[in-house]
Every structure is written in structure tokens, then in C-alpha cells.
Amino acid sequence: MKRSTYLVFGGVVVLFALSWIFKSSVLEDGVYSNVWEAFKVTLAAFLTLAIFSFLYKDNPLYKFAEHLYVGISAAYWMCLAFWSTVVGNFIPRTFESLSAAFKQPYQPSSWDILGIPGNIIYIIPVLLGIMLLMRLSSKYGWLSRWPLAFIVGTTAGLNFVRYLRSDFVAQVSSTFVPLLGTPDSVSVWSSFDLNATGPVVALLSNWVIFIGVFSGLVYFFFSKEHTGWFGRTSKVGIWVLMITFGASFGYTVMGRISLLVGRITYLFGDWLGIVQS
Amino acid sequence: MKLQLLLLSLLILMFCVPVGAQEDSAMVDSLAVDSLAALPVPAPVTDIGLSDLPNDHGHAVVVEWTPSTDDGSGLANVVGYQINYGLSKDGPLDSVGFVPSASGSYEHVGSKDENDRTYIPDHTDLYYRVDVKTVDGRLLVSAEVAGPVQSSGQWYNTGRTAVLIAVALFSFLTIFYVQQAKAGKELYIRPIGGIEAVDDAIGRATEMGRPILYVLGLGTAADVATIASFTILGRVAKRVAEYQTPIMVPTYDPIVMTVAQEVVKSSYMDAGRPDDYDEDSVHFVTQSQFAYVAAVNGMMLRERPATCVYMGKFFAESLLLAETGSVAGSIQISGTDEIAQIPFFIVACDYTLIGEELYAASAYLGREPKLLGSLKAQDWGKGLFVVLSIIGIILANFGVESFGALFEVAD
């Protein structure tokens, strides 16, 4: 490694130690802070800064933080999956003794199949899961295709009805909006009131919905080439989409800034103690 | 000294005012009690009707009654109605709900789980009693307990008939056009810009001797966007196998990894290069969103892929990926159906497939009859949507709302 790399690493270690010592030695009501708490705060701050260093360029500190993050998150999700699915869901429904061992309330089945408790049915997903794990075997890897087909097919079938209902049928009636006003609202144009909740603005909104929906649908029509009036309508559609995306972009950026504010507050508040967090 | 006197007087006032208020409050309470005592006892409800709630899971009952004759008569002695339920006419009957005055019905919806405290047994005699609740909290018990009534589930929810018609129609259109495609009929799909660039991008990577990075997104194997991405991955992998360009496919979901491995492996076999397939090229990273992004970003800056393809379901990490790919000097092609993330891909990537274009791209590239047929059915569905909307708008202008009611779907 280059000499500058050694210097940088050395500086980071010294700064880490100094931060840890400083945080540990800060007095609170005459009592020294917990050393372990100080280590955690310092470590979190340094890992945050290590990730931020990616903004400059890829470096060993970022690599360390990245690998640590990936490893811990993988292990965390594995533990979570075991304790929430196996211990929280499977064992309480099938094994009374194991439920007691894991301090989970046993949930007996209210029905049975020829005298066998109905909860035996939960063995089926376990078998499918084991078949999925056969993926790791070169000889029996083909067994994993069955549970994969089950997962994809079942979800596709359920989502078919769900999406058709929410994204198609429910949306149809939402576009039934009057464009010229109903017979009851003849006075719309007689009193030109631009109140946000008034009839004029409502009518203008209806026109925006009409133009936006129809031109957007034309844009996403794939069976005809976009030429002539069809192409012009499609262009209106893409303009509507881009304006919408621009608004969505601005709104989402606000959310991202709030995430950054959270981390900066942690660094300047909990770590450096400059601001009140 | 003056300040001290002022503070002392304020302190005295603080203790005096509540006493006065209490005296006033006591006077008000006394008046209220006197006026309540003068209120007449309201009449009980009559004509209690019980029926099974239609279109449900079989553990719900509708209780209807004629409100008390004193309800709304100006006496203001009826606060509401308390509904009680039990399994025996002789009791005990437990309170299950309360509705305000002027109400004449109540839906008693229970759980179908026997262990739940709100469980209502189906195909069992149930009894109900409706009590009038008065202003002072007294309950007037109605003349008799109504019942029995039995709840039962229905196999078919009539409130979802519109969905059934839509499913049948769409299924028919899909099957029809799939059969047309299988019969060899040419089904036209207009060119999609981003997809035509995929082949060029793969060629670029081959010329530069750098790998291709393909990101399937953060969806599961059951998400539509991920399924569409698998088809595009198959096409990309086949080209990659033909050109002998390295490909990297880091995955977020373990099941997506297994499917992606199958897809890439079969693509290599279709290209006639099964030995070139490297199983490690498709690998699982982690199931944590930002840890996954950190790892992929690191891969981008270290491996310097010539082409980055992002197809699938993305969330907050979309711009992180696209910006890093831009810094790495990669040509980027993206496609997602997540509306909130499309703006980020549009600004940072060279080509972006918006929403349904991702699904159309898989049909465009794969040219499989099933994909082409379903795309045609979707276009017909859009046409139908336009026709129905025009009819609905014309009727809405005449104040006719019954047409829109046909498309309302019950829960």
C-alpha cells in the first residue's frame, strides 16, 4: 500500500480513538458516560462517514463499511426469518413440546383429518421449502422448480384478479366526469367563481382528467404506430406523463432530504453534540 | 415590592376563580340533574328484524329495527341504541355495538377465527336485543329478545360481478390472441426505443471488453415487473453468451436468484455455449435494501461495467444506482413500473421504459405467442376502457349516475 494510505488509515484510527475517549469522558450529572454507549455512537458516526466517503470515490473505508453492512444485514434477515416464520408461525401450529421450549403459545387445530390434527397441513410449505433448498444440489436441483412454479403461479393468479379490480374496474367509473356541467349546475358559467372547491375549478379538473387519461392511454397503445393524429395525441400523453413525473420527482426529493437531515442531525447532535437532537 | 404585591394578588385570584367556577359548575350540574330527572322514559324499539349479511364469510348478521317513537320527537331523551347478542334466548346477552339516535340498523360483523373474542359461530341460532340508551345513561330494555337467526357464508359475492365480467372478458381476449399468435398470425408491436438500444449496448460492452451489469430490482419472483425482467434477462443473456461477454446479476431476493440462474443457464444453452455459463455470475447479495445498493454500487465502481440494465421493481435506491452507473461511465437502460422511481431513471439513464413499456418490451424481445397475445388483449382492454369512459362521460353530463354504479366493487 502507498504511504498516503497508511497515513489516512492511521489518522482514521486516531480520530476514532479520540472520539471514543471524548464521548466516554463527557460528564453527565457528575457521572461518566457508559463506555459501551460511547463506542456505539462513535462506530455509527464513523460508518456513516465511511459510506459518505463514496461521494468522493471508492476507497477501502467504504469497502469495509459496505461489506460489514451486507454481512450483518444478511445474517439479520436470516435470524429474523427463522424466529418469525419457523418459531413464530410453524412450530406453534405443529409441535406442542417445541412451542413450550421456544416459549410460544401452542395453537391447536380446530379440525382434523381422520383423527390427525388439521395443522399437519403446515408440513406442506415446509416440504416445498426443503425442495427449494435442493437448488444447492447439482443432482437434485431440478426439485426446486416445483415450489418455484407454485410461488409464481399462485401469486400471479391472485394478483390477476386483484389488479384487474383495483387498476381497471375501479378506475373506469372514476373517469365518468361531466365535462360540460350537469343539468343541475347550469349556473356554473353564470357565476364565474374560481374558488378551489367551486364548480368552475371542478369542471377544469374534469377536463384535465379527461385529456390526461385519454392521451396517456394512447401513448401506451402498442398495436398501432404513433403517426398522424394518433401520434399527436400520444405526444400530448407523454407531456402529461413528464409533468406528472416532474411533480413526483420534486415531492420524492423532499423525502430524501428529510432522510439526509436525520443522518446529519445524528452526526452533529448525538455524536458531536453541537446541535440539540 | 409592587411586583411582589402583584404576584400575590395573582396567586389569590388563581385560587378564587376555580372556586367560583366550581360553584358555577356545581350550579350547572345541579340544573342538569334536575332537568334530566324531568325527562320522560323513552319508548322501546319495535319490529326487530334479523337477517344474514349477504356476500360475506358467514359470520355476520344484520340487525334492523324501528327506532323509538321518542327518537327525534324533540324530547332529546334518546342518545342511541345498544345492540346485545347471545347464543340463548334466556341470556346472557353481551353488548356488541352502539349506534347513535336516528339509526335503524347495525351490521354485527364477527371473526371466523374461533379463538378470536369477536367470533360469531355460523349455522348456529343467534339472538339479539336492542336497548334504547338514554341521556343519563339509563338503559331501557326492549320488550323481547329477537331471534333465532343463523349466519352463513356465500360462495359468490354478487358485489364483485363487475370483476367477474372483466376477468372473463380479459381471459377470452388473451386466449384468443394467443391462439392467433400460435397460428402464425403476425401481431404488430410498435418499436420501443429503449429495447432497440439493448443490442447496441451489449455490442458496446463486447467491444470494450467490460462486463454487463443486470439488476432485477427489489421485487419478488411473483411481481409482474420482475417476471417481465426475467424475459429481458433471457434475451440479454443469450446475446451475452453469443458475444462471450461477462455478465453480472446481483440479486436481492433468493428466489429471484434461483429463477435468474435458470434463465441465464438456459440462455447459454440456447446460444450453444453451456460450458461458458458461470453460476457465480448470478448471485444473492442481501435482502436489505440499502446494503444491496451499497454492494451493487461497489461492484459498479470496481468492475466498471460498460452497460447497466435496471429492469424490475425499484424503490428509493433507483437514483443511487443510476448516478453511480453514470459515474462509472456505463450506458444505462432502465425500466420499472414504480411510478415514483420513473422520474429518477428518466433523468439519470440513457433509455427508460415507462410502466407498461417494460411488459411490452418482454413481449417485443421474446416474441413468444403467449406474451404477444396478452399484449394484444391489454390493448383491447384499453380500447374498451376508452369506449366505456366516453359513454360514462356523456351520461354524466346528463346527470345519469347509474352507469357508474355498475362498476363499483364491494369489499
Next item on the list: Write down, largest first, the equivalent ellipsoid semi-axes of the protein assembly as shown in whole Å, where each equals the square root of 5 times an eigenvalue of the alpha-carbon gyration tensor.
Entry: 54, 41, 33
Checklist line | Overall Cα dimensions of chain A, principal axis frame, Å, largest first | finding: 76, 69, 46
Note to self: Could you identify which residue out of B:216, B:164, B:93 has the top mean-square fluctuation in a GNM of chain B using Cα springs shorter than 10 Å?
What the structure shows: B:93
Notebook entry, point to check: Under the Karplus relation 6.51 cos²θ - 1.76 cosθ + 1.60, θ = phi - 60°, what is the ordered set of whole-Hz ³J(HN,Hα) values for region B:376-387, x standing for Gly and Pro?
Noted result: 4, 4, 4, 5, 5, x, 5, x, 5, 4, 4, 4
Notebook entry, point to check: Can you give the angle from 0 to 90° between the axis of helix A:3-25 and the longest principal axis of chain A, with both taken from C-alpha atoms, to the nearest 10?
Noted result: 90 degrees
Note to self: Between helix B:356-366 and chain B, what is the angle of the helix's C-alpha long axis to the longest principal axis, kept within 0 to 90° and rounded to the nearest 10?
What the structure shows: 30 degrees
Note to self: Can you find, among A:38, A:85, A:55, the residue sitting farthest towards the positive end of the charge dipole of region A:3-116, where Lys and Arg contribute +1 and Asp and Glu -1 at Cβ?
What the structure shows: A:55
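Just want to confirm a number: the relative contact order over chain B, from Cα pairs under 8 angstrom separated by 6+ residues, in percent. Don't skip to the answer; put the middle values down first.
Numbers: 710 pairs, mean separation 55.9, N = 411.
Relative contact order comes out at 14 percent.
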Margin query: Checking the table B:89/B:133; A:40/A:63; B:185/B:265 against a 23 Å threshold on Cα-Cα, which pairs fail?
Written below: B:185/B:265
Check: Remind me, relative contact order of chain A in percent, using alpha carbon pairs under 8 angstrom and six or more residues apart?
Finding: 9 percent
Next item on the list: Hey, can you grab everything whose amide H is under 5 Å from the amide H of residue B:97? Only 5+ residues off in sequence or another chain; H modelled, so Pro and N-termini drop out.
Entry: B:83
Note to self: Compute a Gaussian network model of chain A, connecting alpha carbons closer than 10 Å, and tell me which residue from A:38, A:196, A:149 fluctuates the most.
What the structure shows: A:196
Next item on the list: Among DSSP beta bridges whose residues both lie in the protein assembly as shown, state the antiparallel percentage, nearest 5.
Entry: 60 percent
Next item on the list: Show the residues, 5+ positions off or on another chain, whose built amide H is closer than 5 Å to the amide H of residue B:251.
Entry: B:283, B:284, B:285
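Quick one: putting +1 on the C-beta of Lys and Arg, -1 on the C-beta of Asp and Glu, what dipole do you get for the protein assembly as shown around its Cα centre, in Debye to the nearest 20? Display every interim value, and only then the final one.
Numbers: 43 positive and 61 negative charges, 606 e Å.
Charge dipole, the protein assembly as shown, about its Cα centre: 2900 debye, nearest 20.
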Check: Over region A:117-174, what is the mean sequence separation of C-alpha contacts under 8 Å (at least six apart), divided by residue count, expressed as relative contact order in percent?
Finding: 20 percent
Checklist line | P(r) of region B:187-367 over all Cα-Cα pairs, binned every 10 Å from zero, in whole percent | finding: 11, 43, 40, 7, 0
Note to self: Report for chain B the percent antiparallel among DSSP-assigned beta bridges with both residues inside it, nearest 5.
What the structure shows: 55 percent
Check: Sorted from largest down, what three extents in whole angstroms do the Cα atoms of chain B have along their principal axes?
Finding: 97, 82, 51
Next item on the list: Taking H placed 1.01 Å from N in the peptide plane, check which residues at least 5 places from residue B:335 or on another chain put their amide H under 5 Å from its amide H.
Entry: B:310, B:311, B:312, B:353
Next item on the list: Could you state the angle between the C-alpha long axis of helix A:199-219 and the longest principal axis of the C-alpha atoms of chain A, as a value from 0 to 90 degrees rounded to the nearest 10?
Entry: 80 degrees
Checklist line | Inter-part distance where region A:243-258 and region A:65-127 are each reduced to a Cα centre, Å | finding: 40 Å
Margin query: Restricted to Cα positions, what overall size does region B:56-167 have along the principal axes? Three whole-Å values, descending.
Written below: 54, 34, 21
Check: Using just the C-alpha positions of region A:3-116 as equal point scatterers, what log10 of I(q)/I(0) does the Debye formula give at each q in 0.11, 0.13 1/Å?
Finding: -0.64, -0.74
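Every number in this text was worked out from the coordinates using simple rules, so none of it is lab data. Since this is a predicted model, take the numbers as computed values, not measurements. Heads up, the Cβs are rebuilt from the backbone with ideal geometry, glycines too, and the neighbour counts pull from every protein chain shown.
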